[in-house]
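The values are calculated or read from the model by the stated rules, or taken from the named source; none is laboratory data. Treat the numbers as computed from the prediction; the structure is a model and nothing was measured. All Cβ positions, glycine included, derive from the backbone under ideal geometry; neighbour counts span all protein chains shown.
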Amino acid sequence: MASGWARGPARLTGRAGIRLILAIETSCDETAAAVVDGPEVRSSVVASQARLHTPYGGVVPEVAARQHLGTVNAVVDEALDAAGLALDAVDAVAVTQRPGLIGALLVGVATAKALAYGAGKPLVMVDHLHGHICASWLEPLALDPPFVSLIASGGHTRLDLVDDYAEPRLLGSTLDDAAGEAIDKGARTLGLGYPGGPALERLAADGDRKAFEFPVGLAGRTDADFSFAGVKTALLYAVRDLGEQEVGRRRADLAASYQEAVVRPLAQRLVGAAVDAGVPAVALGGGVAANGRLRALTAEFAEPAGVAVAAPDRALCTDNAAMIGAAAQFTPPLSWPRYAGADAMATSPPGGIAA
Ligand SMILES: Nc1ncnc2c1ncn2[C@@H]1O[C@H](COP(=O)(O)OP(=O)(O)OP(=O)(O)O)[C@@H](O)[C@H]1O
Ligand SMILES: [Mg+2]
């Protein structure tokens, strides 16, 4: 989607001075490993647990952690094999340290520590949200700052000003639910399974997005914050008031109108923040950025404002380890024994998402 970014040799290596990296991601329900060489993705393997959690309508933390434990070694081996490398060849091991499900994170962190120690490599502890932002640094997108980044995922919704990939600066975030959470809950209300995003998007494709008028959170405000609790409740009431038969008949219209109410403020505030900050581009990130309507709407708002839109490949928007390898190149590596005491954390520190 993006084209014409300035791409000098200086930007081909991140600031941390390491570039051939084995990265591991286990923060939620995807067991992922990747090998990156600077901005080049040499391999990226994602073993999704989504089906395992479908019967429960959401991710069960204990089930996720146990599944990671059984899968992570095979996924790491597959990523190294696909890159044609042995562990000895990499410069460093990187892993998602935070935020996420603590049991799930612990599996990745313990695995990465063992691999780094065994191979005598430094370890890079990465913030998952920093990873979502740095997905835009990877080729072929290779987006140069400055830009405004949107992360819209299952657990977070935020805008950051990125002058430097090493130091994203928070502009605003959701005051209640994440956009992905609203999408998943809405999908559940409409009888779609978990995860709801792709299913809701498929259903919405046959619907009229103007059929229902759902409220847009913080509609009167022009800042960079979001709210999705109201639209979620509005869908619940609409479904209750319409009754089973009418809901059955109008499910596609409900899906399209609901999806519109969630993605419109994302696109609008993202482009608005870029205009306010005077930066030439915006980047989409996080699982909700896989949504076609969000991509189209962002382009629609951006074009007349003269703002370029960078949207990474869908596989780099949802959870993956290549983005963790990218963020690792903007995070100081730790050598033994400093990483021995670095632990998994359920949340990012208040100071920010970069190290
Ligand atoms: N095509 C799509 N349309 C809308 N939403 C989508 C689509 N594909 C995935 N999603 C949503 O993306 C979310 C998952 O994104 P991601 O994997 O980045 O989240 P997470 O890792 O669980 O949360 P976080 O990144 O905040 O820790 C889910 O809510 C899912 O429904
Ligand atoms: Mg994520």
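Between D253, D343, the distinction of being at pLDDT 95 or above, surrounded by fewer than 24 Cβ atoms within 10 Å (Cβ to Cβ), in contact with a Phe, Trp or Tyr (Cβ under 8 Å, 6 or more places away or on another chain) and farther than 19 Å from D160 by Cβ belongs to D253 only.
Every residue, every condition in (1) away from ligand 2 (no atom under 16 Å from the Cβ); (2) part of a loop (DSSP other than H, G, I, E, B); (3) farther than 20 Å from G243 by Cβ; (4) acidic (D, E), yes or no:
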position: D177; (1), (2), (3), (4): no, yes, yes, yes
position: E213; (1), (2), (3), (4): yes, yes, no, yes
position: G217; (1), (2), (3), (4): yes, yes, yes, no
position: R221; (1), (2), (3), (4): yes, yes, yes, no
position: A224; (1), (2), (3), (4): yes, yes, yes, no
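Screening K185 with (1) in contact with a Lys or Arg (Cβ under 6 Å, 6 or more places away or on another chain); (2) more than 16 Å from ligand 1 (Cβ to nearest atom); (3) not hydroxyl-bearing (S, T, Y) gives one miss only, at (2).
Apart from one condition, A119 fits all of (1) in the same structural domain as A86 (by TED's automatic domain parsing); (2) within 16 Å of ligand 2 (Cβ to nearest atom); the exception is (2). Annotation for segment 57-75: no member residue is in contact (Cβ under 8 Å) with a residue 60 or more places away in the chain, in a helix (DSSP H, G or I) and not aromatic (F, W, Y). When the residues of segment 244-297 are narrowed to those that are free of Cβ contacts under 8 Å to residues at least 60 places away in the same chain and outside any helix (DSSP H, G or I), which ends up farthest from ligand 1 (Cβ to nearest atom)? Taking the candidates together, the pick is G278.
Scan segment 152-163 residue by residue and report those that are over 23 Å from E40 (Cβ atoms) and either more than 13 Å from ligand 1 (Cβ to nearest atom) or in a helix (DSSP H, G or I) (or both). Reasoning before the result, please.
Our first condition is that a residue be over 23 Å from E40 (Cβ atoms); within segment 152-163, this holds for 152-161, 163.
Matches in segment 152-163: L159, D160, L161, D163.
Filtering segment 101-131 to residues that are touching a helix residue (DSSP H, G or I) at 6+ places or on another chain (Cβ under 6 Å) and closer than 23 Å to G352 by Cβ leaves L101, A104, L123, V124, V126, H130, G131.
Among the residues of segment 298-315, those that are part of a loop (DSSP other than H, G, I, E, B) and surrounded by 14 or more Cβ atoms within 10 Å (Cβ to Cβ) comprise V307, A311, P312, D313.
Which of the residues belonging to segment 61-110 are closer than 23 Å to A50 by Cα, surrounded by fewer than 17 Cβ atoms within 10 Å (Cβ to Cβ) and not aliphatic (A, V, I, L, M)? Those that are closer than 23 Å to A50 by Cα, surrounded by fewer than 17 Cβ atoms within 10 Å (Cβ to Cβ) and not aliphatic (A, V, I, L, M): P61, E62, R66, G70, N73, D77, E78. I'd like to verify a number: residues in segment 88-142 that are part of a strand (DSSP E or B) and away from ligand 1 (no atom under 11 Å from the Cβ), how many? Counting residues in segment 88-142 that are part of a strand (DSSP E or B) and away from ligand 1 (no atom under 11 Å from the Cβ) gives 9. A count restricted to segment 1-56 and to residues that are assigned to a loop (DSSP other than H, G, I, E, B) and at pLDDT 95 or above stands at 4.
Of the residues making up segment 255-275, those that are within 15 Å of A224 (Cβ to Cβ) and more than 20 Å from the chain's Cα centre (by Cα) are G272, V275. Here S149 clears all of (1) touching a strand residue (DSSP E or B) at 6+ places or on another chain (Cβ under 8 Å); (2) in a helix (DSSP H, G or I) except the condition numbered (2).
In the set (1) of a type outside the set (G, A, S); (2) over 18 Å from the mean Cα position of the chain (by Cα); (3) part of a strand (DSSP E or B), L171 fails one condition alone, (2).
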